[in-house]
Amino acid sequence: MRVPKSVQKLIWWGKADPVNAKKILITQIFNRGDVKDIRWALRTYPKSVLKDCVKNPLRGVWDKKSLSLFSGIFKTHIPKKKKEAAIQSIMLK
C-alpha cells in the first residue's frame, strides 16, 4: 500500500506504515491532514477501522475539535474520561 507524500509528511518522525501503525497514521490524518488526506484514509481503510480509531482514541494525541468532529461523523460516543485523556494538552501541571 502506497502512502501519499502529503500523508507521509504528517508522520515527521519516521516512515508511515499504513498496515502496522494504522491507528497513529489515521489519528494524524484526522488531526492534521487536509481533505485530500482524509479522502485517502476513507478509501484505504474500512469504516470499522476508522471508527475504532475514534471510539478508542490514543492518549494525548488528539486535537479537541478533530475528535469532536470525527466522533460526530462516525456517530460514536466517547466517555468523558476517555475523551479528556485523548486530547493533547500543552499545559504543564
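The values are calculated or read from the model by the stated rules, or taken from the named source; none is laboratory data. Every value quoted in this text rests on a predicted model; they were computed, and no experiment measured them. For neighbour counting, all protein chains shown are included, and Cβ atoms are generated from backbone atoms with ideal geometry for every residue, glycine included. Surface areas here come from the heavy atoms of the whole protein model, side chains and all, with no ligands, DNA or RNA. Shrake-Rupley method; radii C 1.70, N 1.55, O 1.52, S 1.80 Å.
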**Report entry** Cross-chain or 6+ apart pairs with Cβ under 8 Å, segment 66-86 first and closer than 19 Å to Arg32 by Cβ, then open to solvent by 80 Å² or more (accessible area, probe 1.4 Å)
**Finding:** Ser71/Lys55; Ser71/His77; Phe74/Lys47; Phe74/Lys55; Ala86/Arg59
Query raised in the report: Out of (1) closer than 21 Å to Ser6 by Cα; (2) touching a strand residue (DSSP E or B) at 6+ places or on another chain (Cβ under 8 Å); (3) basic (Lys, Arg), what's the single condition that is false for Arg39?
Result: (2)
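Every residue, every condition in (1) over 12 Å from the mean Cα position of the chain (by Cα); (2) assigned to a loop (DSSP other than H, G, I, E, B); (3) in contact (Cβ under 8 Å) with a residue 40 or more places away in the chain; (4) more than 15 Å from Trp62 (Cα to Cα), yes or no:
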| position | (1), (2), (3), (4) |
| --- | --- |
| Asp17 | yes, yes, no, yes |
| Ile26 | no, no, no, no |
| Asp37 | no, no, no, yes |
| Trp40 | yes, no, no, yes |
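Please go through segment 42-93 and pick out each residue that is in a loop (DSSP other than H, G, I, E, B), more than 23 Å from Lys9 (Cβ to Cβ) and of a type outside the set (S, T, N, Q).
Of everything in segment 42-93, those that are in a loop (DSSP other than H, G, I, E, B), more than 23 Å from Lys9 (Cβ to Cβ) and of a type outside the set (S, T, N, Q) turn out to be Pro46, Arg59, Phe74, Lys75, His77, Ile78, Pro79, Met91, Leu92, Lys93.
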Query raised in the report: Taking Val3, is it assigned to a loop (DSSP other than H, G, I, E, B) and open to solvent by less than 40 Å² (accessible area, probe 1.4 Å)?
Result: yes
Report task. Could you identify the single residue in Asp63, Asp52 that is acidic (Asp, Glu) and modelled with pLDDT of 95 or more? Result -> Asp52
